[in-house]
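Asker: Got a structure for you, questions after.
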Amino acid sequence: MPRATHVTATPWTAKEIATVIRLYNDGHTFTDIAQTLKRSRGEIAGKLFRLRREGRVGSRLGRDRPPPREPRNPKPSPKPTLVKPRPPQPIRRIKVTPDHRPSPPQYVLPKPAGPPTCWELGPSDCRFPIGRREPEGHSTFCAARVEPGTSWCPNHHRVVYTRRSA
């Protein structure tokens with residue numbers, strides 16, 4: 001059975017529909033009309049939507065809308081002033097000699113002692129879990145040098161990839 005698209009508590013009478021159309025065309029708001037007919041604002045909006053779709057009511061948009069107001073004392077727009085561009089600054093080149101090396105960034109923390117957690121692994125560290133857990137609940141990993149194209153060191157690569165026996 002098809003479901004109804006809208007259901008109201010009480011059906012609309014012809015008198016109520018005529019009142020809705022008259023009040024709407026007079027410029028009353030949905031809330032005013034709802035209070036007059038003792039219905040909800042949503043019921044009024046829905047009924048007017050359906051009446052507009054049927055062509056029985058026109059839209060108020062653009063109708064009886066005053067033109068945009070002009071400012072009372074329009075100020076003349078200021079004349080544009082030309083700003084001279086700054087001459088390009090010469091690029092300072094710094095010579096780097098073997099004796100002059102930049103200091104390491106200050107935000108790098110030293111590696112903690114013991115096996116690293118997943119947050120401390122680098123891109124070329126083995127990601128095989130060792131099985132121990134830190135007090136915070138994080139697993140620790142091998143962190144040995146990895147084989148190219150894999151996430152494990154040679155020892156753990158053999159553990160992970162075992163050949164099937166025939």
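Values quoted throughout were computed directly from the atomic coordinates according to the rules given, and no laboratory measurement underlies them. Only a predicted model underlies this, so the values are computations on that prediction, with no experimental measurement involved. Cβ placement follows ideal geometry from the backbone for every residue including glycine, while neighbour counts extend to all protein chains displayed.
Asker: Using label points projected 7 Å from each Cα along Cα→Cβ, tell me how many nm separate THR162 and ILE130, to one decimal.
Answerer: 2.3 nm
Asker: Can you find, among THR31, GLY46, VAL20, the residue sitting farthest towards the positive end of the charge dipole of the range 14-54, where Lys and Arg contribute +1 and Asp and Glu -1 at Cβ?
Answerer: GLY46
Asker: Let me ask something else. Spelling out what I want: for every residue of the range 30-36, take phi, set θ = phi - 60°, compute 6.51 cos²θ - 1.76 cosθ + 1.60 (Karplus), and round to whole Hz; glycine and proline get x.
Answerer: The phi angles translate into 4, 5, 4, 5, 5, 5, 5 Hz.
Asker: Near ILE21, within a Cβ-to-Cβ distance under 13 Å, what is the net charge of the other residues, with Lys and Arg +1 and Asp and Glu -1? Intermediate results must be reported in sequence, preceding the final value.
Answerer: On the way: positive: LYS15, ARG22, LYS47, ARG50, ARG52, ARG56, ARG60; negative: GLU16, ASP26, GLU54.
Once positives and negatives cancel, what remains is +4.
Asker: Return the sequence-ordered ³J(HN,Hα) values of the range 51-60 in whole Hz as given by the Karplus equation 6.51 cos²θ - 1.76 cosθ + 1.60 applied to θ = phi - 60°, using x for Gly and Pro.
Answerer: 5, 5, 5, 7, x, 8, 9, x, 7, 8
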